[in-house]
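A.B. asks: Before anything else, here's the structure in question.
The values are calculated or read from the model by the stated rules, or taken from the named source; none is laboratory data. Predicted, not measured: the structure shown is a model, and the values here were computed from it. Methodologically, a virtual Cβ is constructed for each residue, glycine included, from the backbone with ideal geometry; neighbour enumeration extends over all protein chains shown. These accessible areas exclude ligands, DNA and RNA; they are computed on the full protein's heavy atoms, side chains included. Shrake-Rupley method; radii C 1.70, N 1.55, O 1.52, S 1.80 Å.
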Amino acid sequence: MSLYDRQCGQEFAQLQSQLDRYFVNMSMECPYMLPYTSTFYQALFGPITDHIMELFLAAGYRRNGNSLYTMRCVDCDGCIPIRLHPAEFRANRSQRRVARKNRDISVHFNSVQMTEENLQLCEQFLQTRYPQKNNTALGYYSGFFLNHIVTSLELHYRKDGRLLGNGIIDIGENWMNAVYFFFDVGEAQRSLGTFNILTMIDFCLQKNIDYLYLGYYIEDVSSMDYKARFRPHYLRRNDAWQRATT
């Protein structure tokens, strides 16, 4: 375990002892459509400092709207937090090919906004990829993307002005948190999910951001395989970040 993670762990243990009483278990159907009941251990927050969010991310927590949570499912431990250290990353041949393929795309940072354009693209993505009951773009924006906890931005990917992809991120002084990414499913051949991570890595390198959190990696969910192709990456298992190169 690195010195950074040891220090974060010590600070988080003190923080956790003060905040545990505010957390509750919320159970529901698995959002990744695995045959288990999901249990979210979560609490609602008001605005928190950059460093407090850093400690939660380093402890494997995620953000959903104004909630911070970790998974405590009884029958499944498939949700594994994954992060990159941008300074260590080296693109493979396939990732370099994706970067070349998308050289015609312009990238813009924006505040998170529930515009008609964003909602239409998100709705198309959800209805095609995750057509579950109550999965709506309006619900995702109002209950998931928008928040009063930390600074969040959108990464817009455009071709000739048309919105092809949108990455929701949280950002701090020394960390970036990938919240969600949705895209035009008709442009799947572009591998925009991979291009989104490549773009975030480049931004982190420009701003000397050391840690890029990619959410969960679930081995049984094939749509997440592209995350593990970024090497080296780190997986949080047994309360410790472990470097994975293969």
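A.B. asks: Go through the range 137-147 and give me each residue that's polar (S, T, N, Q) and crowded, with 19+ Cβ neighbours inside 10 Å.
C.D. replies: Hit for the range 137-147 is Asn147, nothing else.
A.B. asks: Confirm whether Asn238 is at pLDDT 95 or above, more than 18 Å from Leu119 (Cα to Cα), open to solvent by 30 Å² or more (accessible area, probe 1.4 Å) and not charged (D, E, K, R).
C.D. replies: No; evaluated as a whole, the condition is false for this residue.
A.B. asks: List every residue pair whose Cβ atoms lie under 7 Å apart, where the two residues are 6 or more positions apart in sequence or sit on different chains, the first residue falls within the range 149-160 and is over 24 Å from Gly186 (Cα atoms), and the second residue, located anywhere, is open to solvent by 50 Å² or more (accessible area, probe 1.4 Å) and of a type in the set (Phe, Trp, Tyr).
C.D. replies: As it stands, the answer is Leu153/Phe109, since those pairs meet every condition given.
A.B. asks: Considering only the range 111-136, how many residues are part of a helix (DSSP H, G or I), open to solvent by 50 Å² or more (accessible area, probe 1.4 Å) and without any contact (Cβ under 8 Å) to a residue 40 or more places away in the chain?
C.D. replies: 4
A.B. asks: What are the residues in the range 206-222 that are surrounded by 14 or more Cβ atoms within 10 Å (Cβ to Cβ) and of a type outside the set (D, E, K, R), if any?
C.D. replies: Ile209, Tyr211, Leu212, Tyr213, Leu214, Gly215, Tyr216, Tyr217, Ile218, Val221
A.B. asks: If you check Asn102 against the conditions, is it touching a residue at least 60 places away in the same chain (Cβ under 8 Å) and out of contact with any Cys (no Cβ under 7 Å at 6 or more places or on another chain)?
C.D. replies: The answer is yes for Asn102.
A.B. asks: Right, another one. Does Asp225 satisfy being open to solvent by 20 Å² or more (accessible area, probe 1.4 Å), under 21 Å from Pro31 (Cβ atoms) and without any contact (Cβ under 8 Å) to a residue 12 or more places away in the chain?
C.D. replies: yes
A.B. asks: Which of the strands (runs of 3 or more DSSP E) found entirely inside the range 1-76 contain at least 1 residues meeting this: within 30 Å of Asn135 (Cα to Cα) and in contact with a Leu (Cβ under 9 Å, 6 or more places away or on another chain)?
C.D. replies: Filter on the range 1-76 gives 37-44, 62-64, 67-71.
A.B. asks: Taking the conditions exactly as written (closer than 23 Å to Asn238 by Cβ and either surrounded by fewer than 17 Cβ atoms within 10 Å (Cβ to Cβ) or among the hydroxyl-bearing types (Ser, Thr, Tyr) (or both)), does Thr49 satisfy them or not?
C.D. replies: no
A.B. asks: To continue, here is another question. Kindly provide the set of residues from the range 148-158 that are in a loop (DSSP other than H, G, I, E, B) and either open to solvent by 30 Å² or more (accessible area, probe 1.4 Å) or within 14 Å of Leu119 (Cβ to Cβ) (or both), ordered by number.
C.D. replies: His148, Thr151
A.B. asks: In the list Arg162, Arg243, which residue meets the criterion of being loosely packed, with under 14 Cβ neighbours inside 10 Å, touching a strand residue (DSSP E or B) at 6+ places or on another chain (Cβ under 8 Å) and of a type in the set (Lys, Arg)?
C.D. replies: Arg243
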